[in-house]
Amino acid sequence: MQIISAASAFPKHYYPQAVLLEALQAYWGARLENPELLRRLHRNTGVEGRYLALPVQAYPKLSNWGEVNDRWIEAAVDLGEQAICRALTYAGLAPQDLSAFFFTSVTGIASPSIDALLINRMGLSPDIRRVPMFGLGCVAGAAGTARAADYVKAYPKQIAVLLAVELCSLTVQKEDLSPANLISSGLFGDGAATVLVAGEECSALESDSEPRGPRIVATRSVFYPQTEAMMGWRISDKGFRIVLSPQVPDLVRTHIGNDVDKFLAEHGHTRKDIGSWVLHTGGPKVLEAMQDALGLKDGELEASWECLKKMGNLSSASVLIVLEDTMKHRRPAPGTLGVMAAMGPGFCSELLLLQW
């Protein structure tokens, strides 16, 4: 199995963090009893700016969750089409070349799901297999890539697409002034990302017109029992209310090192063999926890830190954007082993062993 293309797409509305902070202070107004807390939490995210699905002045005008979700569907379809078209163009492929469509998001809902809407809009094959996924959150970019690899392992002549669309700005709650919501209002951004995964016998691999991505050597899923309260949503008539435990970095620091070591050992490797790390941009404390737990030196997570700084945490799309950045700007030498990893609601982790 091989990743043959990765691409992203973002809304046209981009704002520096200072502008968003000012808008949020106006949004909450007098209900925000401690504005300095909001400013401090935003400073600590390490984010310099973010893309928004809507113009910043449009958010106070949204009246209910139904209207918010309608805006989510409209933007998700637009960004999803852009990301897939770019990935296909990079790979020299046509929409009809795709045999399976994995779609993931945790910031809105639609039925028919976004993948179905894009089949109609893009003229994808009517025989395409659809797998919409909801609820995986930040881990879904890595998990979806692994599931796409599972698919093409069974169908080695075919190509699967994974699309992740997250419009986190549409989940910020006006009535929720909890630390979790204040943090998320400064950390999460909007965007879409996609990867194409080809089977070993796929004819697309015979073309060398463009550099391809890494081979997927193996994957591993890890679920941590009794941790479901660490991260997720509480759903109400107001929409999605964030659940974000301050203990998440501790959980990451406790588990990710041992999980990676066991995974690599199963395939005859150790951490010393890994020359490339593609890790989800969970936030400064999560990235620091991953760095500490894995014993990574300064610079080894530069791609993740840079993506966090430029656009914030895009939940499921984040790790795919780090992958795209690595493929286009930080490509390791041929034969280099790499690890792609993300963690998210469950609580769980997803690991992929790559070879560049």
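The values are calculated or read from the model by the stated rules, or taken from the named source; none is laboratory data. Computed from a prediction, not measured in an experiment: that's the story for all the values here. Using ideal geometry, Cβ is built from the backbone for each residue, glycine included, and neighbour counts are taken over all protein chains shown.
Pairs, please: C-beta under 7 Å, at least 6 apart or cross-chain, first residue in a strand (DSSP E or B) and in region 237-252, second surrounded by 14 or more Cβ atoms within 10 Å (Cβ to Cβ) and of a type in the set (Asp, Glu)? Every condition considered, the pairs that remain are Arg241/Asp176. Out of curiosity, is Asp273 surrounded by fewer than 21 Cβ atoms within 10 Å (Cβ to Cβ), at pLDDT 95 or above, within 25 Å of Gly189 (Cβ to Cβ) and of a type in the set (Asp, Glu)? When the stated conditions are applied, Asp273 does not pass them.
Just for region 309-344: of the residues that are among the aliphatic types (A, V, I, L, M), assigned to a helix (DSSP H, G or I) and within 11 Å of the chain's Cα centre (by Cα), which one is nearest to Ala192 (Cα to Cα)?
In this case the residue turns out to be Ala317.
Could you check, for region 304-314, whether at least one of its residues is within 26 Å of Ala265 (Cα to Cα), of a type in the set (Phe, Trp, Tyr) and crowded, with 17+ Cβ neighbours inside 10 Å? Taking every residue of region 304-314 in turn, none turns out to be within 26 Å of Ala265 (Cα to Cα), of a type in the set (Phe, Trp, Tyr) and crowded, with 17+ Cβ neighbours inside 10 Å.
Just name the residue that is farthest from the chain's Cα centre (by Cα) out of those in region 114-140 that are in a loop (DSSP other than H, G, I, E, B) and buried (at least 20 other Cβ atoms within 10 Å of the Cβ).
From region 114-140, those in a loop (DSSP other than H, G, I, E, B) are 123-128, 135-136; that's our starting set.
Those left that are additionally buried (at least 20 other Cβ atoms within 10 Å of the Cβ): 124, 136.
Working: Leu124: 23, Leu136: 10 Å.
Going through the qualifying residues, I end up with Leu124.
Quick one: count up the residues across region 146-161 that are touching an Asp or Glu at 6+ places or on another chain (Cβ under 7 Å) and in a helix (DSSP H, G or I). Looking only at that region, the number is 1.
Taking the criterion of being of a type in the set (Ser, Thr, Tyr) and either touching a helix residue (DSSP H, G or I) at 6+ places or on another chain (Cβ under 7 Å) or not assigned by TED's automatic domain parsing to the domain that holds Ala83 (or both), the residues of region 1-19 that qualify are Ser5, Ser8, Tyr15.
For Ala143, the criteria (1) over 27 Å from Gly108 (Cβ atoms); (2) in a helix (DSSP H, G or I); (3) in contact with a Leu (Cβ under 6 Å, 6 or more places away or on another chain) hold in every case but one, which is (1).
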